[in-house]
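> Below are the structure tokens for one structure; questions will follow.
The values are calculated or read from the model by the stated rules, or taken from the named source; none is laboratory data. Because the structure is a prediction, the values reported are computed rather than measured. Here the Cβ positions follow ideal geometry from the backbone for every residue, glycine too, while neighbour counts run over all protein chains shown. The accessibility values were calculated without ligands, DNA or RNA, using every heavy atom of the protein model including side chains. Shrake-Rupley method; radii C 1.70, N 1.55, O 1.52, S 1.80 Å.
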Amino acid sequence: LFKGNLPYEFQWESKGPLFYFLYALPELFFDKSILGVKIFNDFVFLLVVISIYFASLKITKNYSFSGYVSLIFILFTSISFEGHPGYSELYVLLFLGVAINLIFKENKNKHNIFLIGFFLSLATLISISSLLFVLLIGLFELTRYKFDLKKFVQLGLGFLIPYSIVVLIYSLNNSLPGYIMTNFIIPFSYVENNENFFEIYKDIFIKTKNNQ
């Protein structure tokens with residue numbers, strides 16, 4: 001990114017584009033120091049723990065139980081004294097946690113459903129494998145409102161805005177085919193027939209290069 005390139009322009013990556021942009025943030029402030037990355041990952045981990053605590057509290061109304069749930073999460077994610085490793089799943093949990101907390105927020109703001117769609121979208125831009133959880137959460141939210149058309153549009157708009165920005169960025173850089181191939185075609189094709197994976201992997205660079 002700091003060389004002026006976008007993810008997937010010159011090599012295949014398994015994570016969503018937002019993951020790489022977020023990982024670049026600590027380098028802006030800590031000058032590519034590994035310590036800065038570790039501090040940033042620990043901060044994200046703390047936010048995830050907080051979101052789990054408050055989501056549990058909204059559901060159970062029990063402070064002690066919510067504390068235990070958060071503690072169990074910390075123990076099972078095997079945090080070390082060297083800092084949290086910063087897996088992409090951690091970032092996915094952060095955005096899913098924010099969306100879930102918005103769902104369970106008692107004072108329902110009229111913009112909440114839009115924000116829920118927005119944060120669910122960010123989760124899929126970290127990892128497309130989170131799509132199943134995103135669909136389940138979105139379906140739950142629409143069920144609460146009995147599939148009201150207005151709410152559906154608000155949720156959809158919130159979800160589409162981050163993708164619209166990503167598509168615009170890649171289109172302006174003539175890299176949209178590589179983005180689509182890497183994030184959508186390759187994962188689903190690999191699931192259907194992993195024998196074709198390397199053929200698809202090879203084609204992505206040929207098509208991207210021809211479009212530049």
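> How big is the Rg/Rh ratio for segment 93-170, C-alpha atoms only, Rh by Kirkwood, two decimals?
When Rh is taken as the Kirkwood radius, the ratio is 0.96.
> Averaged per residue, what accessible surface does segment 88-165 expose to a 1.4 Å probe, in Å²?
For segment 88-165, the solvent-accessible area averages 54 Å² per residue.
> Right, next: Would you tally the net charge around residue 48, using a Cβ to Cβ cut-off of less than 15 Å, leaving residue 48 out, and scoring K and R as +1, D and E as -1?
Net local charge, residue 48 excluded: -2.
> Holding the Cα-Cα limit at 22 Å, pick out from 61/151; 15/38; 58/150; 61/146; 38/58 the pairs that are longer than that.
Pairs exceeding the cut-off: 61/151; 58/150; 61/146; 38/58.
> Tell me the label-point distance for the pair residue 30, residue 135, using the 7 Å Cα-to-Cβ offset, in nm and rounded to one decimal.
For residue 30 paired with residue 135, the spin-label model returns 3.7 nm.
> Taking the highest mean first, how do the peptides 127-134, 67-74 order by number of other beta carbon atoms within 10 angstrom per residue?
Result, highest mean Cβ count within 10 Å first: 127-134, 67-74.
> Rounded, prolate or oblate: which one fits segment 129-179, using the alpha carbon gyration tensor with axes a ≥ b ≥ c (rounded when a/c is under 1.5, else prolate when a/b beats b/c, else oblate)?
Taking the square roots of the gyration eigenvalues as a ≥ b ≥ c, segment 129-179 is oblate.
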